[in-house]
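The values are calculated or read from the model by the stated rules, or taken from the named source; none is laboratory data. If you're wondering where the values come from, they're calculated on a predicted model, not measured in any experiment. Here Cβ is always computed from backbone atoms with ideal geometry, including for glycine, and neighbour counts include all displayed protein chains. Keep in mind that these areas ignore ligands, DNA and RNA; they rest on the heavy atoms of the full protein, side chains included. Shrake-Rupley method; radii C 1.70, N 1.55, O 1.52, S 1.80 Å.
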Amino acid sequence: MAEYQAQNKAKLISDVRRRFEAQYVTDKSDKYDPRDVERLQQDDNWVESYLCWRHNVVDETLKMLDESFQWRKEMSVNDLTEASIPRWLLEIGGIYLHGYDKEGNKLFWIRVKYHIKDHKTILDKKKLIAFWLERYAKRENGKPVTVMFDLSETGINSIDMDFVRFIINCFKVYYPKYLSKMVIFDMPWIMNAAFKIVKSWLGPEAVSLLKFTSKNDVQDYVSVEYLPLHMGGTDPFKYSYPPLVDDDFQTPLCENGPIASEDEASSKEDIESDGKETLETISNEEQTALLKKVNITEPTSKAEENEKVDSKMKAFKKPLSVFKGPLLHISPAEELYFGSTESEEKKALIVLTNITKNIVAFKVRTTAPEKYRVKPSNSSCDPGASVDIVVSPHGGLTVSAQDRFLIMAAEMEQSSGTGPAELTQFWKEVPRNKVMEHRLRCHIVESTKPTTLTLKDHAFNTSDKTSEDLYLQLNRLLESNRKLEDQVQRCIWFQQWLLSLTVLSLAFVISFFCLLYS
């Protein structure tokens, strides 16, 4: 069944390419950017995204490609850079990427209060939307985003249906399959009619992606660590420019393992040469205890050491999927699985294989550097060789689906050294276009082992949790009550306004007839 689906998908992709070339490109090549036409012939995922959005109907897919490609040329999407956007638009902080939702999708923030309807600036604002989406699409090919429409503190001057329609079209036509959901936060009642129109633009299938939220329920979609304070979150992030706002990948905790003294390092080298201790990620105290144990006990045989290594290897679930890059094959291909091992530690394994004829330098970065130990995180891989990278959470911190890992790799010259100093200098000098990048998401596999929590501890935790739940429920009730009062007040105000308008209208009619018959 799976093989049939793969063959059918390949046939559909081939049909789209052949027919688009014959029916749309021939004699009309000036309609499109040649780079888009070339990419269509090479990127299966790109073609598949259009096919899926049009339910694998080739005729509809071709029309969508035609519209999308014309738009991409008109907006010069492939050439959009920071320099293409007015600096004031980047500084104001109305549109940017930051954080992740609970499903691990990137958050695309649109702070509506910073948008004032103005036909003179609308093109630049559309280019800013296209700039961010294209930048994201090139880095995270095919991974969806969650649009956060923040309508807090929004006035009537910010309502721009043309701009909203453009954003909708971006996800309907220009970037299909990239929309996970659209979270509408704190929508004023005056905009209810406007969003009924938005629903008609989205179509019946995409309407389910609209999530109307308030401060009480926005956490159903985004955890507090990625929500700003005015949404009830704890994210201390403050927008500023330059540089471009994004979740830059940083060096993980304890790069290349725990720091050891010279004596410990020399002993460690002996152990690694026999037992390949790179499969372990342990604290300084554990490492010292291990070294002392090795010194005072009798040396173990080579066979015993190999047996220990084999047992340690079994603690990891070997990744099966492979990303085939130009320099490295990386396994797993997309998701880094964290599961409980026999020692109750959650660890994951990344396998890098050098497919070039030169040494390849690599380094690992993460969006949550305080959470993880990565060993090794900055090293090199010989031609044809493989390197195992162990990733483990640090200090009892919880693995999150929002966390990301970035693997960077670049070929080194034959004469280059591979020591720490040489690698540092290499990464400073290597051109950006020579660096291969690949990103991995985190996936948590729940443990099937029974809990060892005692009844007393359980009762204590339940009590705390119950109190906390009651407190949250009380706050929600108070907030709901406040909102209800606001709505009642608005209704009263509207009724008074309507009554006044009716009285004025009657007075006008009476005056008119009095004048008419006087």
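Miscellaneous remarks
- Checking Ser380, Ser392, Ser400 one by one, the residue that is over 19 Å from Cys442 (Cβ atoms) and of a type outside the set (Lys, Arg) is Ser380 and no other.
- On the stretch given as region 400-447, residues that are open to solvent by less than 20 Å² (accessible area, probe 1.4 Å) and of a type in the set (A, V, I, L, M, F, W, C) total 10.
- For region 115-128, the set of residues classified as in a helix (DSSP H, G or I) and free of Cβ contacts under 8 Å to residues at least 24 places away in the same chain consists of Leu123 only.
- Residue check, Arg54 in contact with an Asp or Glu (Cβ under 6 Å, 6 or more places away or on another chain) and either within 22 Å of Cys170 (Cβ to Cβ) or open to solvent by less than 60 Å² (accessible area, probe 1.4 Å) (or both): yes
- Residue list for region 202-256, filter: in contact with a Lys or Arg (Cβ under 9 Å, 6 or more places away or on another chain), modelled with pLDDT of 80 or more and among the hydrophobic types (A, V, I, L, M, F, W, C): Leu209, Leu210, Val218, Val222, Met231
- Within region 59-70, tally of residues that are within 17 Å of Leu12 (Cβ to Cβ) and either polar (S, T, N, Q) or surrounded by fewer than 17 Cβ atoms within 10 Å (Cβ to Cβ) (or both): 4
- Residue that is least open to solvent (accessible area, probe 1.4 Å) [pool: residues in region 148-168 that are closer than 22 Å to His230 by Cα and free of Cβ contacts under 8 Å to residues at least 40 places away in the same chain]: Phe149
- Criterion violated by Glu91 - all others in (1) open to solvent by 40 Å² or more (accessible area, probe 1.4 Å); (2) within 25 Å of the chain's Cα centre (by Cα); (3) closer than 30 Å to Lys9 by Cβ satisfied: (3)
- Subset of region 53-65 (residues that are modelled with pLDDT of 90 or more and in a helix (DSSP H, G or I)): Val58, Asp59, Glu60, Thr61, Leu62, Lys63, Met64, Leu65
- Single residue of region 169-190 satisfying the filter (surrounded by fewer than 18 Cβ atoms within 10 Å (Cβ to Cβ) and either at pLDDT below 75 or of a type in the set (A, V, I, L, M) (or both)) that is farthest from Asp118 (Cα to Cα): Val173
- The set of residues in region 71-85 that are assigned to a helix (DSSP H, G or I) and loosely packed, with under 14 Cβ neighbours inside 10 Å comprises Glu74, Asp79, Glu82, Ala83.
- Any hit, region 74-97, residues being under 18 Å from Leu179 (Cα atoms) and in contact (Cβ under 8 Å) with a residue 60 or more places away in the chain: yes
- Residue within region 17-27 that is out of contact with any His (no Cβ under 6 Å at 6 or more places or on another chain), part of a helix (DSSP H, G or I), open to solvent by 30 Å² or more (accessible area, probe 1.4 Å) and of a type in the set (A, V, I, L, M) present: yes
- Condition met for Ala361 (modelled with pLDDT of 90 or more and either open to solvent by 30 Å² or more (accessible area, probe 1.4 Å) or of a type in the set (Asp, Glu) (or both)): no
- In the set Lys73, Lys117, only one residue is touching a Phe, Trp or Tyr at 6+ places or on another chain (Cβ under 8 Å) and within 29 Å of Met187 (Cβ to Cβ); that residue is Lys117.
- Across region 348-358, the qualifying residues are those that are part of a strand (DSSP E or B) and farther than 16 Å from Ser400 by Cβ, and the one among them that is modelled with the lowest pLDDT is Leu349.
- When residues in region 1-52 are screened for being at positive phi and at pLDDT 90 or above, 0 of them pass.
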